[in-house]
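Novice: Dumping the structure here so I can ask a few things about it.
What follows draws every value from the coordinates through simple rules; no lab data is involved. Bear in mind the structure is a predicted one, so any value in this text is a computation, not a measurement. Every residue, glycine as well, gets a Cβ built from its backbone with ideal geometry; the counts of neighbours run over all protein chains shown.
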Amino acid sequence: MTPEQAYPPGVALMPEDFAERLVTLKERSGLPWERMAVCMGVDPRQLWRWRHGASPGGGAMLSLVRFATRVPDGLSCLLGEGVMVVRPERRN
C-alpha cells in the first residue's frame, strides 16, 4: 500500500489515544487545563471536548501544535514519535 492509499488527501484521523496524549502534554506543561487553553487561545470547553472524543479543527490544531512546540518533548508526545524542534536564533 502506498502512502497515498494509506492517507488519502483530505482525510485526517486523530490517533485513538489522542485524549491520553493531550493529558500527557498537559502534565508535561505543568499547567492546569484552563491555563493551557488560554495559552493555546481556545475555550477551556474545547479542551474538554477533545479529551472526550472530539477532534480539533484546523486553526485549533495549529494552536495545539504551536503550544506543543513550547513544552519539553511536547510535539513528540502529541505525535507519538520522536521529533526534534529547531528554533532559529533570536536577534536582538
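Novice: Starting from the 7 Å offset along Cα-to-Cβ, what nm value, one decimal, do you get for the label separation of residue 27 and residue 65?
Specialist: Taking the simple label geometry, residue 27 and residue 65 are separated by 2.6 nm.
Novice: Another question about this same structure. What are the principal axis extents of the Cα atoms in the range 17-75, in Å, biggest first?
Specialist: Principal axes ranked by extent give 25, 21, 18 Å for the Cα atoms.
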